[in-house]
Structures are given as structure tokens and as C-alpha cells.
Amino acid sequence: MSSTAMPKTRLNLRETLGVMSVLAERNFRLMTRFSASAVMFYIGVFADAAISAFLGTALIGQAQAAQIGGDYVSYVIVGLAYSQLMYTSISAPHQSLSGAYWSARLEPLLRAPLPLRTIIMGDALFSYFTDFVTIAIYGLVGILFGMAMPSSGVILPAAGILVLGCVSVLGFGFLSASMFNLINAKAPVANSEPVQWLVRTLQRLVCGVYFPVTALPGWLQTVGNFMPQTYVLDAVRRLLIPNYPKGPTLPVHSSFGLDPQVANLIAIAVLTAFILPLGLWAFDKGLEKARKDGGLSRWT
Amino acid sequence: MARAIVTRGLRKEFPYLNPSPNMSTSDQWLEYLLSLITGKNATGMGVEKRRTVAVESLDLEVEEGEFFGLLGPNGAGKSTSIKMLATILAPTAGTATINGYDLVRDWRAVRASINVVHSGGWLGFDHELSIRWNLQAWARIYGLSKKEAARRTQEVLDIVGLSDKAEETSGTLSSGQRQRLALAKGFLMEAPILLCDEPTVGLDPNSAAAVRSFIKDDVNRKRGITVLLTTHYMQEADQLCDRVAIMDKGRIVACDTPDRLKASVQAKAILMEVRNFRIEMLFDFKKEHGQWLVTEKLDQNGNGSLRVLCSPREAESTITTAVEACGGQVVGWSRDDISLEDVFIVLTGRRLAA
């Protein structure tokens, strides 16, 4: 026997990144096998963004536009782009776990010498890459509708908030994936998993994707206060939209007397510190339950 | 000789919910959540929590380099046992060591000590991508570098004889080739122990023979890998295994070499060639002579053979007379070898296969 194929108990960082890259490559290869489907998906993205931009330019009055920096196209395009990335964080862990389970890959994956969470993240990685194509399409629609272009100096901070935003809601993603085993939410159909459905719905309703949070009734604004997406979207708009209001735009901004951008970052950090460990804990609990009740096996 | 696998009282119970048939899935969720909150079985609310014992108590000692079989009918607890040993299922009670590592405490080392092959192993392949790419990807997921993964993939493809199919997709393979593909995946890492869960289920006789020969000759004899095989095919267990544990209803009812197990049976088997022994006569025969275990291969006219497992003291003429008394005609008889199926029947009173 050769010695190089001896099984390992743990992988180092380089080997772990190698596994993540092979999972991303797999998803890329599978997507290119169904390229027509991918093209149709992106045409749909373009149409959705264009509809939002049309509605914005046609229906938003000057009074409302002032609240969002006078440029609804920029407002909604940034909202859509960032919410897409955060939606990926919310949905990818459950999708990945569900995909592995239904394609009989889960048991062999569990025998890999690295935690299932890492494998799930590697599998989700490609979804983030495809999101960049989606964001580029949103950007294209924005340019077509006269979106004000941000200065190049804000690109790096905006990218930082983008990463922060994805991490901040990843806890919801793992919480959603935990439902796969905790409440047997295994059906591979849309909205069959309650956490993902709830967070996605709330994200669109109360986090300021399409309209300012202040336009909502007070109790819904309170709900939005507990969603990191609210602060991520506000923070990134402050960077990318030139005429975005400098003063308080969210209820929390007025409460602590801090600079709104600093308040955004603190709120994101606090919520992440709560949601991410909760999600990971629940995910591990789900796995533990599945190992007890046999929920990891489907076909064999 | 060192022991590769040792289990002591390994037990697996599955909790499960038994919902009322007219409850929707969401109702079941709600009821289950209520039962979790109240801490009570939700009996009376439509859902009842019960337990199924899949493995009552598993006590095994498998030596290094041994080819060990777990033989039993469907539902005996064989696959559950394999899944516990593969760390996919958590045992409810008992202890086990694999390659010297504790199954629960040292689960990482246990995983590094085993390869697992099961009948549906090829299902985990992406059927849109080539066999070579799939195997390389799994090798990398298991921790090999890109270069090592490519080399090892070629090695296992050569071992299982699928090198010429490497650039095709798994959808183009025959069922036997798919099973060899599952074996190839099971051999990407060179672990000292192979857990093989019914690897020949659903295969035609030639493919099954090729898979058996590969596991016995290439894996066990040539490479010295310890094999724990589960099967409900008695001939497979008889042909391959150094020792066999017969499993029934989650328990091991006997464990020894196939020859010693067969020798332990205090019975003899008589094979009779019969004519005009129609089905109603057969029923009468079985009813009147319940002390004999009778299996038959008869055509619609009642022509064929009867196999009677009886006490060694029973005279062949007694059985011949009994057949003729029921209306059949005996044209000849011979002694048949005792099989592992006979052992199972004597131990449990039931047949191995349906």
C-alpha cells in the first residue's frame, strides 16, 4: 500500500481550503451542465431589478425621495444586491444539507475529516460567487436607470460591510439548517423550512430593502431593530449613495446619540454575537438528534 | 492477534413519532413541539412517542485481517450495527472499539480507521460528471492533495477494473459496475478496516461473484484488510467469511466458523425427487409433520424436489412413506449438506430469506 492515501483525523487550513474549493468547483461544473437554466435565472434577475427601478422612478414622489437621498434607483439596487447576498447566507446551509441528504452524499460527507459545518460552507461558497453575477446585473440595471455612481474610495469599506453582512446572518442560515433535523424539515420544496421563510419574509418587509424602515408602523420597526440586515443595508447605503441622509435613519440611531454608522456597526456586531453562536449550537444539536434517531440516512 | 473490532452490549433504540393517520405534517410538528415543551408524550393529542429497538445487544470480537460476516434477515439490525460502527448513528448503550479507538470518545480516529461500502454507495455520485472527477473530488474531500487524489483515483480505478470507464458518467454503468464504483469510492483511503453493508444486493449472479471475489481476494487476502460484511445471503457468508455471527431481532444468536456452525446443528437434510406432489398435498404434508422443516421447488404439476430438515435419527424411509401417504410419488432421494440457512432455521425457527 502507498502511504499517501492514509486516512486523516483532521485537516489543516490549507487542506480545508482545498476541500472548500473542490466543493465550489463541483457546483460550478454542475451549473455549467445546466447553462440554459442559469441564463434564464439571470434574465429573471435583470427583469426583477428593472421592474423595481421602473416602479421607483414612476411612483416615488419627491417628498419620499428626500428620505432616501433623492435617488430611489440607487436605494433599491443597493438594497436588492445586498439582500441577495444575505439571502444566500440564510438559505445556503439548509439547501446544502438538504442537497447532500437527498442525493445520498450526506453519509460519505460525514466521514470526511472535517466538521460538517465547514463542508456546508464550502458547498455554499459557489452560491456567493453566483451572487456576484447577480450583483453585476443589478449594477447594470442601475446604470441603465441613471443610478448615481459611488466613488472608488468606498468600494473597500462597502466590500467589508458586505462580508460582515453575510457573516451576520449566517447564524440564521445554520438555524435554518438545524430545522432539517430538529423538526424534520426535509421537504425539498420552497418555504417548507420555517426559519428561512420567516427571516426571508422579515428581511423584505422590515429591513429596508425596498423602502425606508421609518415608513413602517412602529411595531414593525421594532421587529426590524432585531435584524442585522437592517443595519447592514443602512450602513452600505451610507457608503454607496452620495446623497444619502447623514443623520439618523433608523430608530436605534436616535437612541444612543452615536454616529449612525458607528451605531450600525455596533448593532451588527451585537446581533451577530448572539445569532451566529445560536445558529451553530442549534445546527450541532440537530446533528446530535439525527445521530440518535437515524435522520442522517435516507437511501442506505 | 490484535482485535480490530470489539463491541460490548452495543444497543440502538430509535425514538419515533406515531402520528394519527389524518394529521397533516404541520399538525405533527405542532404536536411534537407541544410534547417537547410539556415534557410529556403527546398521547391524546394525536401523536405518540414510541421506541423501536433495532439492535438489542451486539457483542463482537473481530480479529485483525479476519473476514467476518454478520448474517441475518432484513430487519435483523445488521445495517444499524454497521452505521453505529461507522459513527453515523450514536449507540443508545454499550461500548465499542475500532482499531483500538473508542467509538464515541475517539470518533475521529475511528473514522480514519474505516472504509465503508454499502449497496447504494454509487448513489452519492454526481451523474452529470465523469467517474474520474467524482472519485477525485471525494478523495480531496477526504483530505488528499490534488496530485495525490489524481494518483489514488487511478489506482482504485485499476483495482476495481473501471479504468476504461473513467471518463464516462456513472449513469452509463451496469449495476455490477456501479457496485464496483461504490467499492472504488470505499477504497480511496487506505484504512485498515472495511465495513461492507450488503454489497451484492440486487446484483446479477456474475456481477455478485465478481464483487465477492474482489473483496475476498484483493481486499482481504492480498491487502490484509479486516472486513466486516453484512449479508442476508447465506451462500455469500459461507463462501467468504472466516467467521459468521448469525443475527436475529437485534441479537447475535450464534457466532463461529461456517463449518462449526453447520456441524453444531443436530439435524440432517434429505433431498427428495418427487412427482405429482400438488400444492394441497404439500400443505397436508407440512401440517401433519410439523417437526420437519420442509422447503420445496415444485412446478405446477407437483414435480420437483423437496428438502426435509429432520432429526438425525429419522429414517429416510419414514419421510418417503409420509410423502406417499399424502399422495405424492418419491422417485429418489439423497443426503444434502447442512447450510447456514439450516443453522438459522434451527436457531430461530424461521427462514433467512422471504
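The values are calculated or read from the model by the stated rules, or taken from the named source; none is laboratory data. All values reported here derive from a predicted model rather than from experimental measurement. Cβ atoms come from the backbone with ideal geometry, glycine included; neighbour counts cover every protein chain shown. Side chains included, ligands, DNA and RNA excluded: accessible areas come from the protein's heavy atoms. Shrake-Rupley method; radii C 1.70, N 1.55, O 1.52, S 1.80 Å.
Element breakdown for chain A at a 1.4 angstrom probe: carbon and sulfur atoms account for 68% of the accessible area. When the Gaussian network model of chain B links Cα atoms closer than 10 Å, the mean-square fluctuations of B:Cys241, B:Cys310, B:Cys326 top out at B:Cys326. Across the protein chains, with a 1.4 Å probe defining accessible surface, the residues B:Asp204, B:Asp126 rank B:Asp204, B:Asp126 from largest area downward.
Across the alpha-carbon set of the range A:9-167, the Rg to Rh ratio works out to 1.06, Rh being the Kirkwood radius. Pairwise Cα distances in the range B:86-145 exceed 19 Å in 46 percent of cases. Among the protein heavy atoms of the range B:266-337, carbon and sulfur supply 46% of the accessible surface, probe 1.4 Å, non-protein parts ignored.
Over all pairs of different C-alpha atoms in the range A:77-235, the reciprocal of the mean inverse distance, the Kirkwood hydrodynamic radius, equals 16.9 Å.
When the Cα atoms of chain B are aligned to their principal axes, the ranges along those axes come out at 72, 60, 44 Å in descending order. Each principal axis of the Cα cloud of the range B:227-285 was taken in turn, and the coordinate range along them, longest first, works out to 47, 23, 20 Å.
Can you give me the C-alpha center-to-center distance between the range A:253-300 and the range A:127-170, rounded to a whole angstrom? If you average the Cα positions of each part, the centres end up 23 Å apart. For the protein assembly as shown, the mean residue ellipticity at 222 nm estimated from helices alone is -16500 deg cm²/dmol, where every DSSP H run of n ≥ 4 contributes -39500 (n - 2.57) and the total is divided by all residues, rounded to the nearest 500.
Of all the stretches in chain A, which is the longest one without any exposed loop site, taking chymotrypsin sites (Phe, Trp or Tyr not before Pro) in a DSSP loop (any state but H, G, I, E, B) with at most 14 other Cβ atoms within 10 Å? With a cap of 14 other Cβ atoms within 10 Å, the longest stretch comes to A:35-225. Tell me: how much accessible area in total is hidden between B and A, 1.4 Å probe, Å², nearest 100? Chains B and A together bury roughly 4200 Å² of accessible area. The relative contact order of chain B comes to 18 percent, based on Cα pairs under 8 Å that sit 6 or more residues apart. If only the Cβ of Lys and Arg carry +1 and only the Cβ of Asp and Glu carry -1, the dipole of the range B:266-337 around its Cα centre is close to 100 debye. For the range A:95-119, a reduction of at least 40 Å² in accessible area between the chain on its own and the assembled protein chains (probe 1.4 Å) is found at A:Arg105, A:Glu107, A:Pro108, A:Leu110, A:Arg111.
In vacuum, with every alpha carbon of the protein assembly as shown counted as one equal point scatterer, what does the Debye formula give for log10 I(q)/I(0) at q = 0.07 Å⁻¹? Two decimals, please. Values returned for q = 0.07 Å⁻¹ are -0.60. Taking all protein chains as shown and a probe of 1.4 angstrom, B:Glu155 keeps an accessible surface of around 60 Å².
On C-alpha positions alone, give me the angle between the axis of helix A:35-59 and the longest principal axis of chain A, in degrees, nearest 10. Helix A:35-59 sits roughly 20 degrees off the main axis of chain A.
Give me the residues in the range B:123-138 whose solvent-accessible area, probe 1.4 Å, is reduced by at least 20 Å² once all protein chains are included instead of the chain isolated. The answer is B:Leu123, B:Gly124, B:Asp126, B:Glu128, B:Leu129, B:Trp133, B:Trp138. For the set B:Lys222/B:Lys268; B:Lys12/B:Lys185; B:Lys83/B:Lys297; A:Lys285/B:Lys216; B:Lys12/B:Lys146, the pairs lying more than 29 angstrom apart at their alpha carbons are B:Lys222/B:Lys268; B:Lys83/B:Lys297; A:Lys285/B:Lys216; B:Lys12/B:Lys146. In the range B:276-317 the Cα-Cα distances spread across 10 Å bins starting at 0 as 28, 54, 17, 1 percent of all pairs. Whole Å is fine, so just give me how far the alpha carbon centre of the range B:298-328 lies from that of the range B:190-212. Measuring centre to centre over Cα atoms gives 37 Å.
Note that the protein assembly as shown presents 45 Å² accessible area per residue, ligands and nucleic acids not counted, probe 1.4 Å. Using Stokes-Einstein with the Kirkwood hydrodynamic radius over Cα pairs, what translational diffusion coefficient do you get for the range B:266-337 at 20 °C and a viscosity of 1.002 mPa s, in µm²/s rounded to a whole number? Stokes-Einstein gives a translational diffusion coefficient of 181 µm²/s.
Tilt of helix B:175-186 relative to the longest C-alpha principal axis of chain B, in degrees (0 to 90, nearest 10)? So the helix axis and the longest Cα principal axis differ by about 50 degrees. Here the range B:92-143 and the range A:1-60 have alpha carbon centers that stand 25 Å from each other. Here the Gaussian network model covers chain A, with springs between Cα atoms less than 10 Å apart; of A:Pro188, A:Pro212, A:Pro93, A:Pro188 fluctuates the most. For B:Lys287 and B:Ala2, what does the FRET efficiency come to when R0 = 56 Å and r is the distance between their Cβ atoms, rounded to the nearest 0.05? Here the calculated transfer efficiency is 0.60. Here chain B carries DSSP beta bridges of which approximately 70% are antiparallel, counting only pairs with both residues inside. Charges were assigned to the Cβ only: +1 to each Lys and Arg, -1 to each Asp and Glu. The resulting dipole of the protein assembly as shown about its Cα centre is roughly 1140 debye. Counting only DSSP beta bridges whose two residues both lie in the protein assembly as shown, roughly 70 percent are antiparallel. In this simple spin-label model, placing a label point 7 Å from the Cα along the Cα-to-Cβ direction at both B:Ala263 and A:Ala136 gives a separation of 7.5 nm. Within the listed set B:Leu123, B:Leu70, B:Leu228, the residue fluctuating most in the Gaussian network model of chain B (springs between alpha-carbon atoms under 10 angstrom) is B:Leu123. Length available on full extension from A:Asp259 to A:Ser152: 0.36 nm per residue minus the Cα-Cα distance, which gives 36.2 nm. Count Lys and Arg as plus one, Asp and Glu as minus one, and take only other residues whose Cβ is under 11 Å from that of B:Gly100; the net charge is then -2.
Please give me the summed charge of the neighbours of B:Glu63: other residues whose Cβ is under 10 Å from its Cβ, Lys and Arg +1, Asp and Glu -1. Net local charge, B:Glu63 excluded: -2. For the range B:266-337, relative contact order (Cα pairs under 8 Å, six or more residues apart, normalised by length) works out to 51 percent.
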